[in-house]
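Worksheet: one structure, shown below.
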Amino acid sequence: MNNQSKKLRVMMNCAIFAAITAILAQVEVPLPLIPISGQTLAVGIAATILGSKQGALAMICYAAMGAVGLPVFAGFSGGAQVLVGPSGGYIFGFIVTAFITGLILEKTRFTVPMALLANVIGMFVTLFFGTMQLKLVLDLSWGASLAAGVYPFLVVGFIKAFLASYIGITVRRRLIQANLISIPKKEIA
């Protein structure tokens, strides 16, 4: 495969996972301040399948689509005001989460147990960014920030981490077999 084909495949993978994130963002359970949505599941799946760089690029693409006003964020919302609002930290956290989750897998092995560990760490990265912005924007105390931005998401977060790990590794293996994503030489050995 030539270099131009590889670049096109990377761009397509990032666009596909940005779209999947936009779709799963609409699967939502409303809570008072921040809803529980499928966005974080999509972030974990993207990172588990694509790895650090492409996973982060997919989330940058997702955030950029929303920033320009496309209704890709939870509740069919979009615009820069979402990124600077109470829930914007979670969206910025998706980029870092995808990179760290993918990097952990690249440095270890793409297996379900390692993906689960990487996705749990990623969950805490997202919660950190989200809670920090929630605290700053709403001028909450640390206790109130944790009560609104972390505690309601822990149980569901562990479930999403498991689902992202299992789905991600399963789909990744099939995409590799179909020659739709390339794997580093380290993984072949």
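All of the numbers you see were taken from the coordinates with simple rules; none came from a lab. All figures in this text were calculated on a predicted structure; none of them were measured in a lab. Here the Cβ is made from the backbone with ideal geometry for all residues, glycine too, and neighbour counts use every protein chain on show.
Using packing as a proxy for protection, rank 53-63, 82-92 so that the peptide with the highest average count of other Cβ atoms within 10 Å comes first. Can you show the working numbers first?
Details: 53-63: 23.7, 82-92: 20.5.
Sorting 53-63, 82-92 by mean packing, highest first, produces 53-63, 82-92.
Please sort 163-176, 146-159, 113-126 by packing, taking for each peptide the average over its residues of neighbouring beta carbons within 10 angstrom, highest first.
On the way: 163-176: 18.4, 146-159: 16.1, 113-126: 21.9.
Result, highest mean Cβ count within 10 Å first: 113-126, 163-176, 146-159.
Give me the dipole magnitude in Debye, nearest 20, for the chain about the Cα centre, with unit charges on the beta carbon: positive for Lys and Arg, negative for Asp and Glu.
Numbers: 13 positive and 4 negative charges, 169 e Å.
It comes to approximately 820 debye.
Bins of 5 Å, beginning at zero and ending with the bin holding the largest distance: percent of Cα pairs per bin for the stretch 1-159, please.
P(r) over the stretch 1-159, rounded to whole percents: 2, 10, 19, 22, 21, 14, 7, 3, 1, 1, 0.
Cβ under 15 Å from CYS14's Cβ, CYS14 left aside: what net charge do those residues give with Lys, Arg +1 and Asp, Glu -1?
Details: positive: LYS6, LYS7, ARG9, LYS53; negative: none.
Every neighbour counted, the sum reads +4.
Can you check what the net charge comes to around LEU117, using other residues whose Cβ is under 12 Å from the Cβ of LEU117 (Lys, Arg +1; Asp, Glu -1)?
+2
May I ask you to sort THR111, THR97 by Cβ crowding, counting other Cβ atoms within 10 Å and putting the fewest first? Present the calculation step by step, with values, prior to reporting the outcome.
Numbers: THR111 12, THR97 30.
Fewest to most other Cβ atoms nearby, the residues stand as THR111, THR97.
Under the rule of -39500 (n - 2.57) per DSSP H run of 4 or more residues, summed and divided by the residues of the chain, what mean residue ellipticity at 222 nm is obtained, to the nearest 500 deg cm²/dmol?
Numbers: 9 runs with 138 residues, N = 189.
Taking each H run of at least 4 residues, the total per residue is -24000 deg cm²/dmol.
Count the net charge of all other residues whose Cβ sits under 13 Å from the Cβ of GLY44, scoring Lys and Arg as +1 and Asp and Glu as -1.
Details: positive: LYS160, ARG172; negative: none.
Net charge around GLY44: +2.
In degrees between 0 and 90, to the nearest 10, how far off the longest principal axis of the chain does helix 88-107 point, with axes built from Cα atoms?
Taking the Cα atoms of the chain, the angle to 88-107 is about 30 degrees.
Please give, to one decimal in nm, the separation of the simple spin-label points placed at GLN4 and ALA64, each 7 Å out from Cα toward the Cβ.
With each label placed 7 Å out from Cα toward Cβ, I get 2.1 nm.
Along its three principal axes, how long is the stretch 130-189 when you only count alpha carbons? Whole Å, largest extent first please.
Its Cα atoms span 49, 20, 19 Å along the three principal axes.
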